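The values are calculated or read from the model by the stated rules, or taken from the named source; none is laboratory data. Just so it is clear, the structure is predicted and the values come from calculations on it, not from any experiment. FYI the Cβ positions are ideal-geometry reconstructions off the backbone, even for glycines, and counts take in every protein chain you see.
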Amino acid sequence: MKYVSFLKLICFGIVCAFLATSCVKEGPMGPAGTDGQDGQDGMDGMDGNVSCLACHNSDNIESIQGQFAMSGHYAGAAAVAYAGAQARCAPCHSHEQFVQYAELGEVAGDITNPTAWQCNTCHGLHETFETTDYALRLDEPVVAASDNSTVLDMKGNSNLCANCHQSRSKEPLADKPGETFSVNARTGPHHGPQANLVAGVGFAEIEGSVAYPEPNSSYHLNETASCTGCHMGEFDDKKGGHSWIANLNSCKTCHETEDYNYGGTQTDVAIKLDLIRDKLVELGVMQVDEEEGYSVVQGTYPMVLARAYYNWIGLVEDRSLGVHNPKYISALLINTLEALNAYQPEA
């Protein structure tokens with residue numbers, strides 16, 4: 001009994017001690033210690049106007065506008081006047097056609113007041129507002145207008161060009177297989193077949209002594225040697241940039257040459273084009289007028305002659321004289337010439 005009372009007494013003492021210490025007031029705060037080491041400074045954000053001014057400054061804008069004024073796209077009078085209002089000629093003959101096509105995937109209808117191309121024909125609204133934001137309306141590979149089973153991939157930004165600079169019609173044998181073909185003033189790839197030639201597809205691959213290279217094997221089908229790589233190099237000597245006139249300095253990044261006639265390619269192509277033209281005149285497919293020059297004679301011809309004319313007019317309207325794809329163009333010319341020279345008109 002005494003032992004229990006003694007334990008109670010000890011417990012009571014512990015509780016009292018605890019209560020006593022918990023009631024003690026905190027003393028005054030001591031002096032502050034020394035400051036800790038400063039943290040690392042963060043990076044300042046970019047001024048909101050700086051990224052815009054990388055492009056939107058007077059020197060840059062006026063320079064680009066000056067270059068653009070030198071280009072065929074800037075004038076565009078003939079193309080716009082002829083077909084700029086017609087929905088069937090979309091998307092290439094006016095600013096409005098191209099924008100409708102780029103945004104809607106088609107042209108909604110005829111254009112009331114078509115205008116020539118301008119900056120925001122190719123460049124839409126900004127997307128990232130960074131200095132690398134080119135904001136091109138279209139840059140994906142293009143399904144060929146003449147053959148929806150063919151995709152033209154000019155690489156990156158150059159795909160914008162392929163939307164218009166491609167053949168609009170199949171070569172005669174692929175269009176209407178048979179022994180003959182009706183030729184008229186519209187026969188041909190339709191003025192701007194550059195993407196097809198760079199890719200090496202879509203022309204009349206007449207059989208002959210020269211094998212055609214594999215499609216998409218051209219040296220000029222990469223992001224460096226491409227539409228933009230060659231035609232939009234640094235603006236110098238009134239060429240390059242937004243003039244789209246190929247600057248020879250761009251060629252020199254890959255070729256040791258003093259002119260565009262690298263390896264005599266342009267000379268050779270010009271000679272062979274004249275030989276094909278003269279043979280077509282001899283065979284009655286073409287005619288020559290002192291004032292208007294050479295033109296096709298409308299009529300129905302053996303398929304080989306129709307295919308030869310298609311190749312001739314397409315290569316003339318390409319205007320590169322072989323530069324866009326030397327191996328493919330050379331094969332087209334040699335095999336076409338062989339076929340014409342071997343052709344024997346029926347008695």
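Observations on the model:
- Tally, over region 314-347, of residues that are farther than 19 Å from residue 162 by Cα and β-branched (Val, Ile, Thr): 2
- Hits in region 136-156 - residues which are in a loop (DSSP other than H, G, I, E, B) and in contact with an Asp or Glu (Cβ under 6 Å, 6 or more places away or on another chain): 141, 155
- Scope region 66-92; condition without any contact (Cβ under 8 Å) to a residue 12 or more places away in the chain and over 19 Å from residue 192 (Cα atoms); matching residues: 66, 69
- Qualifying position, being over 23 Å from residue 219 (Cα atoms) and surrounded by 15 or more Cβ atoms within 10 Å (Cβ to Cβ), among 262, 294, 328: 294
- Subset of region 50-69 [buried (at least 17 other Cβ atoms within 10 Å of the Cβ) and within 22 Å of residue 231 (Cα to Cα)]: 67, 68
- Count of region 305-317 residues which are out of contact with any Ser or Thr (no Cβ under 8 Å at 6 or more places or on another chain) and over 18 Å from residue 330 (Cα atoms): 1
- Residues of region 218-253 that are among the polar types (S, T, N, Q), free of Cβ contacts under 8 Å to residues at least 24 places away in the same chain and surrounded by 16 or more Cβ atoms within 10 Å (Cβ to Cβ): 247, 250.
- Residue in region 157-170 that is on the phi > 0 side of the Ramachandran plot, surrounded by 15 or more Cβ atoms within 10 Å (Cβ to Cβ), assigned to a helix (DSSP H, G or I) and within 13 Å of the chain's Cα centre (by Cα) present: no
- Lone unmet requirement of (1) at pLDDT below 80; (2) buried (at least 16 other Cβ atoms within 10 Å of the Cβ) for residue 111: (1)
- Meets criteria (assigned to a loop (DSSP other than H, G, I, E, B), modelled with pLDDT under 95, surrounded by 15 or more Cβ atoms within 10 Å (Cβ to Cβ) and over 17 Å from the mean Cα position of the chain (by Cα)) for residue 190: yes
- For beta carbons closer than 8 Å, sequence separation of 6+ or different chains, a first residue in region 197-209 that is more than 10 Å from residue 221 (Cβ to Cβ) and a second that is of a type in the set (Lys, Arg) and crowded, with 20+ Cβ neighbours inside 10 Å, the qualifying pairs are 204/307; 206/307.
- For beta carbons closer than 6 Å, sequence separation of 6+ or different chains, a first residue in region 297-311 that is in contact (Cβ under 8 Å) with a residue 12 or more places away in the chain and a second that is among the polar types (S, T, N, Q) and buried (at least 23 other Cβ atoms within 10 Å of the Cβ), the qualifying pairs are 308/336; 311/336.
- Within the span defined as region 76-95, every residue fails to be closer than 26 Å to residue 157 by Cβ, of a type in the set (S, T, N, Q), at pLDDT below 90 and in contact with a Phe, Trp or Tyr (Cβ under 9 Å, 6 or more places away or on another chain).
- When residue 307 is tested against (1) closer than 14 Å to residue 270 by Cα; (2) touching an Asp or Glu at 6+ places or on another chain (Cβ under 9 Å); (3) in a helix (DSSP H, G or I), only condition (1) is not met.
- Residue-level check: of (1) under 25 Å from the mean Cα position of the chain (by Cα); (2) outside any helix (DSSP H, G or I), residue 344 misses just (1).
- Where residue 110 falls short, out of the listed (1) touching a strand residue (DSSP E or B) at 6+ places or on another chain (Cβ under 7 Å); (2) assigned to a loop (DSSP other than H, G, I, E, B): (1)
- Every residue from region 194-236 that is aliphatic (A, V, I, L, M), modelled with pLDDT of 95 or more and either within 21 Å of the chain's Cα centre (by Cα) or not in a loop (DSSP other than H, G, I, E, B) (or both): 195, 197, 198, 199, 201
Conditions (1) touching a strand residue (DSSP E or B) at 6+ places or on another chain (Cβ under 9 Å); (2) more than 30 Å from residue 55 (Cα to Cα); (3) part of a helix (DSSP H, G or I); (4) not aromatic (Phe, Trp, Tyr), marked per residue:
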{"site": "246", "(1), (2), (3), (4)": "yes, no, no, yes"}
{"site": "254", "(1), (2), (3), (4)": "no, no, no, yes"}
{"site": "257", "(1), (2), (3), (4)": "no, yes, no, yes"}
{"site": "270", "(1), (2), (3), (4)": "no, yes, yes, yes"}
{"site": "276", "(1), (2), (3), (4)": "no, yes, yes, yes"}
{"site": "300", "(1), (2), (3), (4)": "yes, yes, no, yes"}
{"site": "311", "(1), (2), (3), (4)": "no, yes, yes, yes"}
